[in-house]
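The values are calculated or read from the model by the stated rules, or taken from the named source; none is laboratory data. On a predicted model such as this, the values are computed, not experimentally measured, just so you know. A quick note on method: Cβ atoms are made from the backbone with ideal geometry, for glycine too, and the neighbour counts reach across all protein chains shown.
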């Protein structure tokens, strides 16, 4: 009996199983961050759906503020387009940066809108506006939680991908790049839920 052949076969089998384990872990971690992005997508779509209702409710009261209302709608449409683009490649640098910029612009437009609403007591007292405001605030909180889950999943993927020996095999297995976190340009401000009061 040739023990050296048996040892070579056992070591080869163990090595093959180890490489298969690396491949499976890369796939699993990538699927987790893609799923986490899908959760962000659900919340952002809900947010984008609420904004037109909010604008429509305010439109009757804010007849002289057309520019601000249009600014919010334009920013919302742009953010929605960037979300659709990011859907096909969550974790890519360009998609995450474009989405973050669009979200920043939308937040800035909504901030201007909220300041204007303060000047219209009738809007603040409108029951529909209060319900929409509450739904938007709840959604903003869910977006923040979803973004944190996505960033955690991306970090886990990147840590595994960059570790040894997966770093030697990642490109071969179709994982050539690290995934990118979704960081908003105003990330310090985003750490706190937006104050929307009508």
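Do we have residue 144 as in contact with a helix residue (DSSP H, G or I) (Cβ under 6 Å, 6 or more places away or on another chain), over 21 Å from residue 177 (Cβ atoms), surrounded by 15 or more Cβ atoms within 10 Å (Cβ to Cβ) and touching a residue at least 40 places away in the same chain (Cβ under 8 Å) here?
Values: in contact with a helix residue (DSSP H, G or I) (Cβ under 6 Å, 6 or more places away or on another chain): no; over 21 Å from residue 177 (Cβ atoms): yes; surrounded by 15 or more Cβ atoms within 10 Å (Cβ to Cβ): yes; touching a residue at least 40 places away in the same chain (Cβ under 8 Å): yes.
No, not satisfied.
Residue 127 versus (1) farther than 19 Å from residue 47 by Cβ; (2) surrounded by 15 or more Cβ atoms within 10 Å (Cβ to Cβ): which is the lone unmet condition?
With respect to (1) farther than 19 Å from residue 47 by Cβ; (2) surrounded by 15 or more Cβ atoms within 10 Å (Cβ to Cβ), residue 127 is out only on (2).
If only one of 91, 174 is out of contact with any helix residue (DSSP H, G or I) (no Cβ under 7 Å at 6 or more places or on another chain) and at positive phi, which one is it?
On the way: 91 fails: out of contact with any helix residue (DSSP H, G or I) (no Cβ under 7 Å at 6 or more places or on another chain).
Checking each option against the conditions leaves just 174.
Would you be able to tell me the number of residues in region 1-41 that are exposed (fewer than 13 other Cβ atoms within 10 Å of the Cβ) and in a helix (DSSP H, G or I)? First the steps, then the outcome.
Here is the first cut: in region 1-41, the residues exposed (fewer than 13 other Cβ atoms within 10 Å of the Cβ) are 1-18, 20-21, 24, 28, 31.
Those left that are additionally in a helix (DSSP H, G or I): 3-18, 20-21, 24, 28, 31.
Going through region 1-41 one residue at a time, the tally reaches 21.
Before we move on, is residue 164 outside any helix (DSSP H, G or I), more than 17 Å from the chain's Cα centre (by Cα) and at pLDDT 85 or above? Before you say what the answer is, go through the steps one by one.
Details: outside any helix (DSSP H, G or I): yes; more than 17 Å from the chain's Cα centre (by Cα): yes; at pLDDT 85 or above: yes.
Yes: the conditions hold for residue 164.
Quick one: is residue 112 over 30 Å from residue 156 (Cβ atoms) and surrounded by 13 or more Cβ atoms within 10 Å (Cβ to Cβ)?
yes
Quick check: is even one residue across region 67-76 surrounded by fewer than 19 Cβ atoms within 10 Å (Cβ to Cβ) and within 27 Å of residue 168 (Cα to Cα)?
No, the conditions are met nowhere in region 67-76.
For region 168-198, which residues satisfy the criterion of being part of a loop (DSSP other than H, G, I, E, B), at pLDDT below 85 and within 12 Å of residue 104 (Cβ to Cβ)? Give the steps one after another, and end with the answer.
Keep residues of region 168-198 that are part of a loop (DSSP other than H, G, I, E, B), which gives 170-186, 191-198.
Going one step further and asking which of them are at pLDDT below 85, we end up with 184-186, 191-198.
Answer for region 168-198, where residues must be part of a loop (DSSP other than H, G, I, E, B), at pLDDT below 85 and within 12 Å of residue 104 (Cβ to Cβ): 184, 185, 186.
Does residue 85 satisfy the condition of being surrounded by fewer than 16 Cβ atoms within 10 Å (Cβ to Cβ), at pLDDT 95 or above and part of a helix (DSSP H, G or I)? Steps first, please.
Working: surrounded by fewer than 16 Cβ atoms within 10 Å (Cβ to Cβ): yes; at pLDDT 95 or above: no; part of a helix (DSSP H, G or I): yes.
Judged against the criteria, residue 85 is not a match.
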